Amino acid sequence: MDVKEWYMEYKIHKNRPGLLGDIASLMGMLDINIVTINGVEDRTRGMLLQTNDEEKIDLMGKMLRKVDNITITALRPPKLVDILAVRHGRYIERDSDDRKTFRFTRDELGLLVDFLGEIFKREGNQVVGLRGMPRVGKTESIIAGSVCANKRWTFVSSTLLRQTVRSQLSEDEMAPNNVYIIDGIVSTIRSNEKHYSLLQDIMGLPSTKVIEHPDIFIRESEYTYNHFDYIIELRNSPDEEINYDSFTYTSEPF
């Protein structure tokens, strides 16, 4: 049988000496390997496990649910948020109503870059929206995530160094392995017809597109919220309001 990964998480009620050793010993006897282990939030521990026998996972779960000192809170194939929780020791904040929306603050840029890097490693068409006020680190995080994923990034529209609106891309820049960075305001409000035609071509490519200011992009184009696979919000502080009243743009097509 193929080796598969599992994520296990448990809440500690009484952190007695030897508790982790007892749990690890049980896994060892069942030939379940611990790949990564870390504390996740307060008095919670997460583990990435490997085994080639799903029945052993079920058996281990039943046995650990009889241990009074802990409560199993998750035992499942790992999701992206599980993998990052074990790496960084905390869960990414997620909208309770809109499950495709994830929230970060500026002091969590390392976690955000890791999250983007894992998304960018995936092949095929995916669209990521990135909300945030100016100079909060949106574009820098996208570039760093591209580096983590070993992907080339291509600016379609941007205000990072100077405001630019591309009207054409080279053959190399149209490769599916690229990560396309699009400023949703520049591309829809301050663009020209050639740029918008290019934008439509890029949106049809089997590749990753990251759109800054997705709300304006949706409002000013034929694309809808359903086109997005992820919406990421980046703030300077948790209570910062993201609004567009102060945004002004002029374009420099090339």
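The values are calculated or read from the model by the stated rules, or taken from the named source; none is laboratory data. Given the structure is predicted, the values throughout are model-derived calculations rather than measurements. Using ideal geometry, Cβ is built from the backbone for each residue, glycine included, and neighbour counts are taken over all protein chains shown. Just so you know, the surface numbers come from the protein's heavy atoms only, side chains and all, with ligands and any DNA or RNA stripped out. Shrake-Rupley method; radii C 1.70, N 1.55, O 1.52, S 1.80 Å.
Some observations on this one:
- Residue tally, condition of a type in the set (Gly, Ala, Ser) and in a loop (DSSP other than H, G, I, E, B), over the range 1-39: 1
- When Tyr225 is tested against (1) open to solvent by 30 Å² or more (accessible area, probe 1.4 Å); (2) of a type in the set (Phe, Trp, Tyr); (3) touching a residue at least 40 places away in the same chain (Cβ under 8 Å), exactly one condition is not met: (3).
- Only residues that are crowded, with 21+ Cβ neighbours inside 10 Å and part of a helix (DSSP H, G or I) were counted across the range 199-209, and they come to 1.
- Extreme residue, surrounded by the fewest Cβ atoms within 10 Å (Cβ to Cβ), among residues of the range 183-195 that are over 15 Å from Lys138 (Cβ atoms) and either among the β-branched types (Val, Ile, Thr) or free of Cβ contacts under 8 Å to residues at least 12 places away in the same chain (or both): Glu193
- Of the residues Gly61, Gly28, the single one that is farther than 30 Å from Lys138 by Cβ, more than 26 Å from the chain's Cα centre (by Cα) and open to solvent by less than 30 Å² (accessible area, probe 1.4 Å) is Gly61.
- When the criteria are applied in full, Thr139 fails the requirement of being polar (S, T, N, Q) and in contact with a Lys or Arg (Cβ under 6 Å, 6 or more places away or on another chain).
- Some residue of the range 190-207 being under 13 Å from Val127 (Cα atoms) and within 17 Å of the chain's Cα centre (by Cα): yes
- Test for Lys138: is it under 18 Å from Lys100 (Cβ atoms) and not aliphatic (A, V, I, L, M): yes
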